[in-house]
Structures are given as C-alpha cells and as structure tokens.
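To start, the structure itself, in structure tokens.
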Amino acid sequence: MPFAPIPKSLADLRRVPHLGNYEEARRTFSWEAARAELDGLPGGQGLNIAHEAVDRHACGPRRNKIALRWLGKNGESRDIRYDELGESTSRFANVLDQLGIVAGDRIYALLGRIPELYIAALGTLKHRSVFCPLFSAFGPEPIRARLQIGQGRVLVTTPELYTKKIAPLWAQLPDLEHVLVVGQPPAAGPAIHDLRALLERASSKYRIPPTDPDDQALLHFTSGTTGTPKGAIHVHAAVIAHQATGKLALDLHDEDIFWCTADPGWVTGTSYGIIAPLACGVTSIIDEADFEARRWYGILQDERVSVWYTAPTAIRSLMRVGTETAREYDLRPLRFLASVGEPLNPEAVVWGREAFGRPFHDNWWQTETGGIMIANYAALEVRPGSMGRPLPGIEAALVETLADGTIREITCPDEQGELALRPGWPSMFRGYWNEPARYAKCFASGYYLTGDLARRDADGYYWFVGRKDDVIKTSGHLIGPFEVESLLMEHPAVAEAGVIGKPDPVALEIVKAFVVLKPGRIGDAALMRDLLGFGRQRLGAAVAPKEIAFVESLPKTRSGKILRRLLKARELGLPEGDVSTLESA
Ligand code: AMP
C-alpha cells in the first residue's frame with residue numbers, strides 16, 4: 001500500500017525551525033554567539049573539533065545516545081554510542097602518540113565508509129594532527145599525488161587497498177612512515193601495523209591537549225584547472241561553522257536521525273558526514289554501500305531518517321526509478337531534504353514534493369569554504385533552481401574582475417558575475433598546502449573569489465550559472481582536467497590530451513578526453529580500449545575518462561595552453577566565442 005507523506009503543516013507542528021525569520025537571523029547572528037554555543041576545551045584550553053563533536057557529549061547527557069549507526073554493505077550493522085566513540089577516538093589518539101606522531105603531522109585515510117574511518121578522523125583531531133581523507137575509489141595516481149603533496153606520515157587503510165594501491169607506491173613516498181591496516185596486515189614489517197590490535201591495547205583515556213582555534217585540523221584536496229591538486233587547509237575553529245550551519249541550513253534538532261550520503265573522501269562527507277551532526281549531538285547514519293535506489297529507500301524507511309542531505313546525481317537517479325517506488329516506502333519521519341554539490345534542476349526540487357511531500361533544499365559551498373554558505377532554509381519558500389540566500393554571518397557578492405585586477409561589484413538584479421565572499425567565517429580555508437601564491441590568487445579587493453559564476457535576483461536569491469574555469473563536476477566529484485591529461489600523456493601512444501566535462505543527464509558531466517597520438521600510432525578500437533583501461537587502472541573509475549576521441553590536433557592559445565573551452569564548444573556544436581587568442585587565429 002502506498003504511503004502518503006504527512007501534510008507539511010503537520011510536520012511543521014512538530015518543531016520550530018532554527019531559522020524562522022531570515023532577515024532577523026541575519027541581523028542578530030554573530031560568529032561570537034555561535035562560538036558561545038560550543039563548550040571549548042575544559043579550563044579554557046581552546047577549541048578542538050573532536051571535543052565539540054564527541055567528548056563533550058561522551059561525558060554529558062548524550063553519553064548513551066547513538067552517535068553513529070553504521071550499515072555494512074553485507075547487511076550487518078553497528079551502533080556506536082557517544083561514550084563509545086569518545087573511548088575509541090581516544091585510543092586512536094594514544095596510538096598516534098605511541099608511534100611518535102606529533103601535532104600538525106598529516107594522517108591520511110584511504111578507507112571505505114567503515115567505522116574506523118570515523119574513529120581515525122576524530123582521533124586524529126583529538127591528537128591535533130591533521131586529518132586528510134582520500135576517496136577510496138581513487139586509483140594509484142591521485143593517491144600518490146595527494147600523499148606526496150601533503151607529506152603524509154601515517155596512512156590508515158584496509159588490507160585490500162594496501163595491496164592494490166599503496167604497496168606499489170610506497171617507495172615513492174619517503175614521508176610515509178606508518179601504515180595502519182584495518183584487518184590482517186598483508187605484509188610484515190616495522191612500519192605496517194594491525195590497527196585493531198593497536199587500538200585494543202591502547203588506553204581509552206586521552207586528554208585533548210590545549211588547541212588553538214587556528215591550529216590546522218583538516219587537509220582537503222580539491223582540483224584546479226592547472227597544476228597539481230590543491231590541499232585546502234582548515235582549522236579547528238571550523239567546527240563553529242559546522243555546528244551553526246548544521247542548525248541553520250540543515251535544521252538539525254537533537255531528536256533527528258540524519259543521513260548525509262556523501263563519502264568523507266570529499267569535503268561534504270567530512271564536514272556534514274562526520275563533524276556537523278556530531279557537533280549538533282544527533283544520530284548519524286553511515287551506509288557503507290554504494291548507491292542503489294531500493295537500498296536507499298529502505299534505509300530512509302528503516303532508520304526513520306528525518307533529515308537527509310544528498311546530491312543531485314543521486315536525486316536524478318531516484319527520479320529515473322520513478323515516484324511509485326518512493327511511494328512503496330513509509331518515509332513519514334522524513335521532514336527536511338537538502339542537496340549540494342552540483343546544480344539542482346528545478347524539476348528535481350518539484351519531484352521531491354511529489355515523491356516525499358516536501359521539496360529538496362539546494363545549498364551551495366565548496367572545499368575552500370569548509371561549510372554551507374548559501375542555502376534554502378526549512379522555514380522559507382524554496383525557489384526551485386536557486387541555491388538560496390547567504391547564511392547569517394556570510395557576506396556574499398557578485399563581482400567582475402577588471403583588466404587592472406580590481407573588482408567591480410555587481411549590484412543590478414539578474415546580472416551575472418563571479419560569486420565572491422567576504423573572508424572571516426570560521427570554516428574558511430587558511431591556505432593551500434605549501435602553495436601561498438596559489439592561495440593569494442584567490443583574493444582580490446577584500447573578497448575571496450570562488451571561481452563560480454552566478455546571478456542574484458531582486459529578492460537576494462542566488463542562481464548558479466556555471467564555473468569560471470574548466471574543472472569538471474562528475475557525479476558530484478570535482479575533477480581537474482590537468483590531472484587526467486597528465487596521466488594520459490604517460491601512455492606510450494599519446495602525444496597530447498585535452499580533457500573536458502561533457503554534459504550528462506545523470507552525472508551532470510562525464511570526463512571526455514581528446515587525444516593526439518604520436519606519429520605512427522593508429523587510433524583504432526583496440527587502442528581506444530587500451531587507453532580507457534589505462535585511465536581506469538591508474539586514475540580510478542571516478543576520475544578516468546569515460547569517452548575518448550582521437551583528434552589530429554588540439555586548439556591552443558598562442559602561448560601553448562589547451563583551449564578546453566573551445567574543445568567543449570565544438571563537442572556541443574555551440575558558437576566558438578572569442579578565438580582571438582587561438583594559435584592559428
Ligand atoms: P567541491 O569543492 O568539490 O565541493 O566543489 C565545489 C563546487 O561544486 C562549487 O564551486 C560549484 O561549482 C559546485 N557546486 C556546489 N554546490 C552547488 C550548487 N548547489 N549548485 C551548483 N553548483 C554547486
């Protein structure tokens with residue numbers, strides 16, 4: 001029998017949204033007041049993410065509450081209470097101490113969504129080392145690049161991932177001193193440890209040392225158009241924004257069951273899959289398995305999820321399966337739906353109403369901002385297709401960079417510009433790892449420039465227009481074309497490669513490569529298969545090109561830069577635009 005979603009008015013009666021009046025909230029909000037909602041370390045010893053997310057609940061009234069409900073891909077499940085999470089993360093911090101790891105060292109995780117990933121993240125933060133998650137579907141190349149750049153000293157991984165991806169690379173990673181394996185280590189040696197055995201032997205007591213709110217806490221890699229991946233640095237003060245946005249943008253209340261479907265290998269999965277729900281003291285669902293429509297509906301129903309934070313690619317996939325399937329499940333506890341990571345089509349917002357009785361609330365942010373910046377709110381009208389309005393405490397603007405490098409602020413409604421933010425919110429990135437010049441380039445005239453183009457309507461709602469640069473968004477993951485091009489050029493048949501995002505109805509974009517072959521090489525079906533396989537093997541399926549075209553040459557500027565914009569326009573049959581910088585123009 002199909003279940004009818006409860007009427008919105010009844011759902012609303014259940015609780016008052018944290019943000020009721022937008023203008024009033026903007027007027028009265030301050031980051032100081034948001035900070036005051038957190039406890040801080042005992043004795044005024046600073047601010048530590050893990051204390052706010054775990055320890056303060058572990059020794060308070062929430063100690064017996066389920067912090068994490070883990071659902072394994074083979075049907076098993078495990079509940080971790082706040083007090084248990086307090087103990088296991090303390091054990092992890094003690095393990096780091098025993099290994100001689102010190103504050104500021106980088107601890108990487110290459111793990112699927114298993115409990116140890118969450119324990120390692122929070123234990124690292126307790127210890128004041130810097131946590132750096134890697135997406136477990138990355139191939140060896142992206143893993144090598146990120147470990148090398150961030151000079152990781154410790155890596156936590158599984159036996160399978162170790163054997164497949166780390167063992168062949170380790171010789172190229174001189175900074176990597178310890179690998180902690182979840183399960184039976186596949187090799188013996190003083191640097192390879194059985195994490196579970198170490199945790200068992202370690203003390204479950206750990207006093208978090210004094211932590212300056214500006215101490216480094218997280219390193220999140222993101223992609224630019226050129227060069228190597230960039231490691232965005234976030235500090236412990238970020239938890240102020242995680243907690244505040246958990247309340248204001250996701251409307252988290254103590255009794256909520258929250259499910260963020262993002263993988264912690266990407267920033268959403270850490271900020272909102274680990275920190276924000278715990279900082280808000282709610283119960284968070286973790287699903288180890290990959291997307292599957294009926295599995296997801298089953299989780300929403302069986303776990304009585306009330307707040308769900310997901311992504312447009314998943315929503316579009318659910319839409320394809322059909323509204324009728326959604327109606328087979330009892331989703332009545334579900335009261336707030338949010339989406340992030342890519343543009344959310346207006347049809348998807350409306351479909352939310354059809355399938356769940358309530359719309360999806362789109363919100364916008366990026367790795368560098370560390371937390372939600374622009375959002376549609378529970379108590380406010382959703383404008384389908386719009387990202388919403390800036391959070392209280394966030395000053396957003398649209399700007400144009402003039403030829404002399406100065407900024408013109410765009411004030412006319414509906415005029416397009418680059419989305420810019422006034423620095424000063426606590427989860428703002430504090431640098432790109434070892435790349436001060438690249439960081440400095442993100443700022444002009446007192447603004448942080450996001451690289452996104454948007455417009456703002458007369459009521460202050462922001463509408464996403466596109467990226468200013470050539471980075472690719474595929475299934476919610478940001479891919480740098482340069483990283484893919486560089487890898488393809490390592491193939492013996494390839495002379496040059498240009499990579500673009502080709503529009504796709506479900507994944508938003510797919511990675512497509514245009515390849516110029518070396519003289520004498522023939523672009524036949526066998527070489528195509530070989531190249532596609534080479535890409536998948538070295539980059540991983542999430543990053544590798546899904547389509548390859550052999551071409552005679554690539555369009556380039558006179559200074560030799562590949563004009564990906566032109567490759568894309570040609571691919572889509574669109575006007576080529578300004579080609580005055582073209583090599584042959
Ligand atoms: P990442 O740093 O991987 O989280 O990717 C951030 C980028 O994703 C942003 O700069 C946007 O280009 C895109 N993005 C994030 N949220 C949205 C949204 N709600 N609508 C459109 N694009 C988005």
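Computed quantities for the displayed model
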{"read-out": "Residue selected from region 201-216 under the condition buried (at least 17 other Cβ atoms within 10 Å of the Cβ) and in contact with a Lys or Arg (Cβ under 8 Å, 6 or more places away or on another chain), by the criterion farthest from I240 (Cα to Cα)", "value": "A202"}
{"read-out": "Residues being basic (K, R) and either in contact with a His (Cβ under 6 Å, 6 or more places away or on another chain) or farther than 24 Å from D504 by Cα (or both) - total across region 305-352", "value": "3"}
{"read-out": "Filtered residues of region 454-471 (kept if within 12 Å of the ligand (Cβ to nearest atom) and free of Cβ contacts under 8 Å to residues at least 60 places away in the same chain)", "value": "V465, G466, R467, K468"}
{"read-out": "Options I143, I192; residue that is within 30 Å of E485 (Cα to Cα) and among the β-branched types (V, I, T)", "value": "I143"}
{"read-out": "Count of residues meeting criterion [outside any helix (DSSP H, G or I), in contact with a strand residue (DSSP E or B) (Cβ under 9 Å, 6 or more places away or on another chain) and within 11 Å of the ligand (Cβ to nearest atom)] in region 338-370", "value": "15"}
{"read-out": "From the options G446, G431, G417, G451, residue that is in contact with a strand residue (DSSP E or B) (Cβ under 9 Å, 6 or more places away or on another chain), small (G, A, S) and within 12 Å of the ligand (Cβ to nearest atom)", "value": "G451"}
{"read-out": "Test for R56: is it buried (at least 20 other Cβ atoms within 10 Å of the Cβ) and part of a loop (DSSP other than H, G, I, E, B)", "value": "no"}
{"read-out": "Any hit, region 250-264, residues being touching a His at 6+ places or on another chain (Cβ under 7 Å) and closer than 30 Å to I299 by Cβ", "value": "yes"}
{"read-out": "Region 224-247 - residue that is among the hydroxyl-bearing types (S, T, Y) and more than 25 Å from P390 (Cβ to Cβ) and, of those, nearest to the ligand (Cβ to nearest atom)", "value": "T225"}
{"read-out": "Lone qualifier among L19, L85, L68, L99 - being touching a Ser or Thr at 6+ places or on another chain (Cβ under 9 Å) and either at pLDDT 95 or above or over 30 Å from D175 (Cα atoms) (or both)", "value": "L68"}
{"read-out": "In region 485-509, residue nearest to A314 (Cα to Cα) [restricted to those that are within 16 Å of the ligand (Cβ to nearest atom) and part of a strand (DSSP E or B)]", "value": "L508"}
{"read-out": "Qualifying residue in region 62-80 (condition: exposed (fewer than 13 other Cβ atoms within 10 Å of the Cβ), in the same structural domain as I119 (by TED's automatic domain parsing) and at positive phi)", "value": "yes"}
{"read-out": "Verdict on S317 being within 12 Å of the ligand (Cβ to nearest atom), of a type in the set (S, T, Y) and farther than 22 Å from P277 by Cβ", "value": "no"}
{"read-out": "Test: residue in region 286-298 that is of a type in the set (A, V, I, L, M), buried (at least 20 other Cβ atoms within 10 Å of the Cβ) and assigned to a strand (DSSP E or B)", "value": "yes"}
{"read-out": "Pair list, Cβ under 9 Å, 6 or more apart: region 182-201 residue under 17 Å from T89 (Cβ atoms), other residue of a type in the set (A, V, I, L, M) and in a loop (DSSP other than H, G, I, E, B)", "value": "V182/L111; V182/I114; L195/V182; R196/V182; L198/L99"}
{"read-out": "Conditions (1) touching a strand residue (DSSP E or B) at 6+ places or on another chain (Cβ under 8 Å); (2) within 13 Å of the ligand (Cβ to nearest atom); (3) not in a strand (DSSP E or B): number failed by L250", "value": "(2)"}
{"read-out": "Selection from region 383-408 of residues that are polar (S, T, N, Q) and under 15 Å from W364 (Cβ atoms)", "value": "S386"}
{"read-out": "Only listed residue being at pLDDT 95 or above, not assigned by TED's automatic domain parsing to the domain that holds P140 and not in a strand (DSSP E or B), chosen from L531, L554", "value": "L531"}
{"read-out": "Hits in region 30-68 - residues which are within 27 Å of R304 (Cα to Cα) and more than 27 Å from the chain's Cα centre (by Cα)", "value": "C59, G60, P61, R62, R63, N64"}
{"read-out": "Residue ID - farthest from the ligand (Cβ to nearest atom), chosen from residues in region 253-267 that are out of contact with any strand residue (DSSP E or B) (no Cβ under 7 Å at 6 or more places or on another chain) and closer than 19 Å to T313 by Cβ", "value": "D263"}
{"read-out": "Qualifying positions in region 394-410 - in contact (Cβ under 8 Å) with a residue 24 or more places away in the chain, part of a strand (DSSP E or B) and over 15 Å from D452 (Cβ atoms)", "value": "I407"}
{"read-out": "When residues of region 472-484 are limited to those that are aliphatic (A, V, I, L, M) and within 12 Å of the ligand (Cβ to nearest atom), the one surrounded by the fewest Cβ atoms within 10 Å (Cβ to Cβ)", "value": "L478"}
{"read-out": "Residue among V154, V95, V182 that alone is touching a helix residue (DSSP H, G or I) at 6+ places or on another chain (Cβ under 8 Å), over 30 Å from G46 (Cβ atoms) and of a type in the set (V, I, T)", "value": "V182"}
{"read-out": "Boolean, R144 is out of contact with any Cys (no Cβ under 8 Å at 6 or more places or on another chain) and surrounded by 19 or more Cβ atoms within 10 Å (Cβ to Cβ)", "value": "yes"}
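The values are calculated or read from the model by the stated rules, or taken from the named source; none is laboratory data. Here the structure is a predicted model, which means the values were calculated and not measured. Cβ coordinates were reconstructed from backbone atoms using ideal geometry, including for glycine residues, and neighbour counts include every protein chain displayed.
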